[in-house]
Amino acid sequence: ASTVALQPFPDGISDRRTSAMAPLALGVPVVTTDGFLTDSVWRAGAVALAPVGRPLELARLCGALIDDRARRLELGERGAQLYQDRFSLERTVEAVLSVTNARLAQVQ
């Protein structure tokens, strides 16, 4: 169990950061970095973002979440919803089937 997950990345969080998926899926609020690889989905409020290279800002965000239970729960819920909407197994299967069906339709 964790109160807050700190996930700094030297180039920002992207959809390819699988280590960020576990806390999101579990509803643990995530504090991470905003850099040149950060995808727009991460800027919608499901994670707390600090600019790359600003460790004190990361620490401040973590501390603020630890001190604010309501905000921590809200961010955890938003992160879990983002995971469910974009990255869950169900979404992966839907995406694979969509591509597969589109290719099958081209062949027929």
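The values are calculated or read from the model by the stated rules, or taken from the named source; none is laboratory data. Not measured: the values here are computed from a predicted model. Here Cβ is always computed from backbone atoms with ideal geometry, including for glycine, and neighbour counts include all displayed protein chains. The area values use the complete protein model at the heavy-atom level, side chains included, leaving out ligands, DNA and RNA. Shrake-Rupley method; radii C 1.70, N 1.55, O 1.52, S 1.80 Å.
Given the options Val28, Val41, Val93, state which has the largest fluctuation in a GNM of the chain using a 10 Å cut-off (strictly under) for Cα springs. Sorting by GNM fluctuation, first place goes to Val93. Across the stretch 1-89, the relative contact order, built from alpha-carbon pairs under 8 Å that are at least six residues apart, equals 34 percent. Modelled spin labels at Thr100 and Ser19, positioned 7 Å past Cα toward Cβ, are 3.2 nm from each other. With protein chains left intact and a 1.4 Å probe, residues in the chain average 63 Å² of accessible area per residue.
Near Leu37, once Lys and Arg are set to +1 and Asp and Glu to -1 for all other residues with Cβ below 13 Å from its Cβ, the sum equals -1.
Proximity of backbone amide H atoms, modeled 1.01 Å from N, is registered between Ala50 and Thr32, Thr33, Asp34 at under 5 Å, excluding neighbours fewer than 5 places apart on the same chain.
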